[in-house]
Amino acid sequence: MTQEQLSFITHVAQGKPETIVHHDAACPFCDVAHLTNILAQEADRIWLVNKFRVLADTMQTIIIESSNHQGDWSNYDAATGAAIMDFSLRKWTEMRHDAHYRSVMMYKNFGPRSGGSLSHPHLQIVGLDKIDGYAHIRPENLAGDAFLQLGEATVSIATEPVQGFLEFNVRIPSSQSAADLSDAIRVLTHYVLNGYFHGRCDSYNLFFYPTDDGIVCKVVPRFNASPFTVGYLVPQVFQADRIAEIEQEVTKFVHSYLK
């Protein structure tokens with residue numbers, strides 16, 4: 001096994017709940033009274049140990065963002081989004097400062113093509129004991145020409161994306177700018193689900209990266225993966241004219257969404 005591979009524990013995944021496809025299935029995150037291994041709680045934001053820890057040599061935790069089963073970054077109001085982002089960044093930082101972990105990753109799955117299994121709004125924070133989860137990420141993947149500024153949050157489109165096509169990079173100088181990061185993510189996810197690709201995108205991921213000069217959140221619309229990426233690790237990118245169109249579309253969404 002190479003350094004950058006994670007070992008999946010198959011038997012632990014058996015019986016794992018799923019509500020993205022089976023919408024009528026019971027949601028464990030709605031049943032707050034029976035949650036276990038809670039690490040911290042503020043209002044209806046809950047940080048807890050993942051009950052189904054399917055990755056060896058890791059600590060998998062979950063942040064339940066809200067008690068609203070239908071909540072999402074695309075429909076949170078400003079105050080709700082800011083509170084969730086502040087809580088999440090603090091808990092991610094707490095784990096990152098734990099010397100037990102070689103790296104700590106925070107991300108979010110939303111929708112049937114995102115790799116998730118539960119529709120209730122949540123983020124995941126995973127501490128990796130032996131692996132550098134950022135080993136394949138280059139500074140160029142988190143860069144791009146800034147086209148939008150929301151407070152201290154700078155928004156760009158990656159010109160050298162990790163997976164390909166459209167990846168928004170949102171950069172803030174520190175976790176003190178959690179509210180600005182939240183506003184940017186609210187606008188971008190609303191655009192991804194309602195404006196991008198004529199509204200036919202139903203899934204996205206959020207990926208968070210610590211950098212020397214702050215924090216970057218990558219907002220990635222998700223479709224079926226390109227065979228060039230799956231088979232050859234070769235991402236496809238939009239041409240400059242399409243990137244310019246998307247920048248204009250997002251800017252219009254800002255004016256209508258944050259008015």
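One table, with the values for the structure above:
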quantity: Estimated FRET transfer efficiency when R0 is 35 angstrom, pair Arg242-Asp31 (beta carbons, to 0.05); calculated: 0.20
quantity: Within straight-line cross-link reach of Lys51, aspartates and glutamates at Cα separation under 15 Å, skipping those fewer than 8 residues along the same chain; calculated: Glu18, Asp31
quantity: Residues in region 221-253 reached by a label modelled at Glu140 [backbone nitrogen below 15 Å; 7 Å Cα→Cβ]; calculated: 234-238
quantity: Estimated translational D of the chain in µm²/s (Stokes, Kirkwood radius over Cα pairs; 25 °C; 0.890 mPa s); calculated: 129
quantity: Kirkwood hydrodynamic radius over Cα pairs of region 115-192, then Stokes diffusion coefficient at 20 °C and 1.002 mPa s, in µm²/s; calculated: 149
quantity: Radius of gyration, Dmax [region 217-256; alpha carbons; angstrom]; calculated: 13.4, 40
quantity: Convex hull of Cα atoms in region 170-259, direction-averaged projection (nm²); calculated: 7.0
quantity: Hits among lysines - C-alpha to C-alpha of Lys218 under 19 Å, sequence gap 8 or more where chains match; calculated: Lys91, Lys108
quantity: Carbon and sulfur %, accessible surface of region 200-257 computed with the full protein complex present, 1.4 Å; calculated: 57
quantity: Among Lys218, Lys16, Lys108: highest mean-square fluctuation, GNM of the chain, C-alpha pairs under 10 Å; calculated: Lys16
quantity: Calculated FRET efficiency for the pair Glu249/Thr229, C-beta based, R₀ 35 Å, to 0.05; calculated: 0.90
quantity: Region 93-141 - Kirkwood radius from inverse mean 1/r over Cα pairs (Å); calculated: 12.5
quantity: Square roots of 5 times each gyration tensor eigenvalue, C-alpha, region 1-153, largest first, Å; calculated: 24, 23, 16
quantity: Heavy-atom accessible area per residue - the chain, 1.4 Å, Å²; calculated: 50
quantity: Nearest-0.05 FRET efficiency for Phe8 and Ser174, computed from C-beta distance (R0 30 Å); calculated: 0.30
quantity: Where labels lie 7 Å past Cα in the beta-carbon direction, separation of Asp98 and Glu160 in nm; calculated: 3.3
quantity: Dimensionless Rg over Rh [region 141-186; C-alpha; Kirkwood]; calculated: 0.98
quantity: Pairwise centroid distance, computed over Cα atoms, of region 89-124 with region 133-153, Å; calculated: 18
quantity: Gyration tensor (Cα) of region 57-97, equivalent ellipsoid semi-axes in angstrom; calculated: 23, 13, 6
quantity: Helix-only mean residue ellipticity at 222 nm for the chain, each DSSP H run of n ≥ 4 adding -39500 (n - 2.57), per residue, nearest 500; calculated: -8000 deg cm²/dmol
quantity: Contact order relative to length of the chain, as percent, for alpha carbon pairs under 8 angstrom and 6 or more apart; calculated: 17
quantity: C-alpha center-to-center spacing [region 1-48, region 219-237] in angstrom; calculated: 26
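The values are calculated or read from the model by the stated rules, or taken from the named source; none is laboratory data. Predicted model, so just to flag it, every value in this text is computed and none were measured. Virtual Cβ from ideal backbone geometry, glycine too; neighbours counted across all protein chains shown. With ligands, DNA and RNA removed, areas are computed over all heavy atoms of the protein, side chains included. Shrake-Rupley method; radii C 1.70, N 1.55, O 1.52, S 1.80 Å.
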